[in-house]
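The values are calculated or read from the model by the stated rules, or taken from the named source; none is laboratory data. Just so you know, these numbers come straight off a predicted model, no measurement behind them. When we count neighbours, we look across all protein chains shown, and the Cβ atoms used for this are built from the backbone with ideal geometry, even at glycine. Only protein heavy atoms, including side chains, enter the accessible area calculation; ligands, DNA and RNA are left aside. Shrake-Rupley method; radii C 1.70, N 1.55, O 1.52, S 1.80 Å.
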Amino acid sequence: QVELVESGGGSVQAGGSLRLSCAASGSIFSITAMGWYRQAPGKQREVVARITVGGDTNFADFVKGRFTISRDNAKNSVYLQMNSLQPEDTAVYYCNTFKPITAYWGQGTQVTVSS
């Protein structure tokens, strides 16, 4: 059984930074690409960034240059470093596999950015 647990969210002012962590249990982590996703109030969930097992990354246009994604396969963890945060980044952030699996969605971690 796979469980993904996100942490590291919080409230910051515009221009601030946060580092999100996602800890994965189960045997999938080392063999699958992972991604960070977010859902703002009243909006659909959207992909933020993805990372392959080998470390190749891609980012949504709205975070390019501000966010970085990384992973530690030995710790079954994936991270999202968020810099220059803006109010429009306010959302619940989730991790999941590259092609999200419904059963893997966790509680997410809330990020709130004030102006």
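Which ones in segment 2-22 are out of contact with any Cys (no Cβ under 9 Å at 6 or more places or on another chain) and of a type in the set (A, V, I, L, M, F, W, C)?
Val2, Val12, Ala14, Leu18
Need pairs with beta-carbon distance below 6 Å; first residue touching a residue at least 24 places away in the same chain (Cβ under 8 Å) and over 14 Å from Met34 (Cβ atoms) and within segment 52-67, second part of a loop (DSSP other than H, G, I, E, B) and open to solvent by 70 Å² or more (accessible area, probe 1.4 Å); sequence gap 6+ or separate chains.
Filtered contacts from segment 52-67: no entries.
Please find, within segment 43-83, the residue that is farthest from Thr97 (Cα to Cα) out of those that are out of contact with any helix residue (DSSP H, G or I) (no Cβ under 9 Å at 6 or more places or on another chain) and hydroxyl-bearing (Ser, Thr, Tyr).
Among residues in segment 43-83 that are out of contact with any helix residue (DSSP H, G or I) (no Cβ under 9 Å at 6 or more places or on another chain) and hydroxyl-bearing (Ser, Thr, Tyr), the one farthest from Thr97 (Cα to Cα) is Thr68.
Taking interchain pairs and intrachain pairs at least six residues apart, which have beta carbon atoms under 6 angstrom, with the first residue in segment 1-15 and more than 26 Å from Ser27 (Cα to Cα) and the second outside any loop (DSSP other than H, G, I, E, B) and of a type in the set (Asp, Glu)?
From segment 1-15, no pairs qualify.
What number of residues within segment 76-115 are of a type in the set (A, V, I, L, M, F, W, C), within 15 Å of Ala49 (Cβ to Cβ) and either in a strand (DSSP E or B) or open to solvent by less than 60 Å² (accessible area, probe 1.4 Å) (or both)?
Of the residues in segment 76-115, 7 are of a type in the set (A, V, I, L, M, F, W, C), within 15 Å of Ala49 (Cβ to Cβ) and either in a strand (DSSP E or B) or open to solvent by less than 60 Å² (accessible area, probe 1.4 Å) (or both).
Considering each residue of segment 1-31, count those that are more than 15 Å from the chain's Cα centre (by Cα), in a loop (DSSP other than H, G, I, E, B) and either surrounded by 13 or more Cβ atoms within 10 Å (Cβ to Cβ) or among the β-branched types (Val, Ile, Thr) (or both), and give that number.
Qualifying residue count, segment 1-31: 4.
So Val48 passes all but one of these: (1) open to solvent by 20 Å² or more (accessible area, probe 1.4 Å); (2) in a strand (DSSP E or B); (3) under 13 Å from Arg38 (Cβ atoms). Which condition number does it fail?
Of everything listed in (1) open to solvent by 20 Å² or more (accessible area, probe 1.4 Å); (2) in a strand (DSSP E or B); (3) under 13 Å from Arg38 (Cβ atoms), Val48 misses just condition (1).
Scan segment 57-70 and give yes if some residue there is within 19 Å of Val5 (Cα to Cα) and open to solvent by less than 40 Å² (accessible area, probe 1.4 Å), otherwise no.
yes
May I ask you to list the residues in segment 32-45 that are open to solvent by less than 30 Å² (accessible area, probe 1.4 Å), of a type in the set (Gly, Ala, Ser) and free of Cβ contacts under 8 Å to residues at least 60 places away in the same chain?
Passing the criteria: only Ala40.
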